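One structure is given below, encoded as structure tokens.
Laboratory data are not the source of any read-out in this text; all were calculated from the coordinates shown. Quick caveat, the model's predicted, so the values are computed rather than measured. We place every Cβ from the backbone using ideal geometry, glycine too, and count neighbours over all the protein chains shown.
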Amino acid sequence: MTTSPGEPEWTYAPARDHGLGEGARLRSVMREPGLVSWCAQGCAGAALWAYLRAYHGLRVEGGERLPASPPFVIVANHASHLDALVIAAALPRRLRSRVYPLSAGDAFYESLAMSAVTSVFLNGLPLWRKRAAGRALEELRARLTAGECGLILFPEGARTRSGEMGAFKAGVGRLVAGTGVPVVPCWIRGAYRALPPGGRVPRPARVVLRVGGAMTFEGVRDDRAGWEEVARELRGSVEGLGGEGEGRA
């Protein structure tokens, strides 16, 4: 397409998930927001914020440090199924359709119904822990460096069973090592008491989200050693937000 002098140039490109069947689209890390999901997430976000404030007394500390626009990655300790909901609820409404919590594919995407709920209402993207995880991380890295999205990631890989934070896996480093993509460390306190692993009904425990300053890793090598370095640094930053005597999530 040509443009007149003085007009900005633009190119048309199909959505990354164009041509995928609905089931495949829901389970793809290349999924992009549509009108139905945008409306559903708006309604779900308002209801979620009201629930977290009323039932868990959610307090966000350092919310001004949350990114204003993509690309970015938000990382936090992981103790409860409430964790991703807490972070998503704290984001500005205008960002929610472009920010994707990474969810365990084997837990949230095995059935079409669960895939639809996780994708349409929560905007989750699947990360399969036992197959094709490397390729998915490379595709997500490409989306980040293109400035297309934000991600919510729990680098421990699974919820803690003790309330104590575990080691961060190198996958988070594979996403951002050698790039300028900012990573925002967060600490979630109270979610373990509110809904620990194995719990079915949330308890009215107070939940606090602490947001740290963004970090970048342009100077870190994009290899295994670099990925592990990123993971260690981020774990230290998240742990530092917990404070003295606050090891339990």
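Assorted remarks:
- Net charge contributed by nearby residues that have their C-beta within less than 13 Å of Arg221 (K/R +1, D/E -1): -3
- As a rough footprinting exposure proxy, the listed residues Ser103, Ser162, Ser97, Ser80 were ranked by other beta carbons within 10 Å of their own, and the order from fewest upward is Ser162, Ser97, Ser103, Ser80.
- Computed from backbone phi, the HN-Hα couplings of the stretch 173-178 come to x, 5, 6, 10, 4, x Hz, rounded to whole numbers (Karplus: 6.51 cos²θ - 1.76 cosθ + 1.60, θ = phi - 60°; Gly and Pro given as x).
- Fewest-first ordering of His56, His81 by other beta carbons within 10 Å of each residue's beta carbon gives His81, His56.
- Shown for Met215, Met165: other C-beta atoms within 10 Å of each C-beta, ranked fewest to most, produce the order Met215, Met165.
- Note on Ala214 and Glu139: the model spin-label points, each 7 Å out from Cα along the C-beta direction, lie 2.6 nm apart.
- Couplings for the stretch 80-87, taken from phi via the Karplus curve 6.51 cos²θ - 1.76 cosθ + 1.60 with θ = phi - 60°, read 7, 5, 6, 4, 5, 5, 4, 5 Hz in order; Gly and Pro are left as x.
- Karplus-based coupling profile of the stretch 151-160, in residue order and whole Hz: 10, 10, 9, 10, x, 5, x, 7, 5, 5, with θ = phi - 60° in 6.51 cos²θ - 1.76 cosθ + 1.60 and x standing for Gly or Pro.
- Peptide ranges 228-241, 171-184 listed from the most packed, as the mean C-beta count within 10 angstrom indicates: 171-184, 228-241
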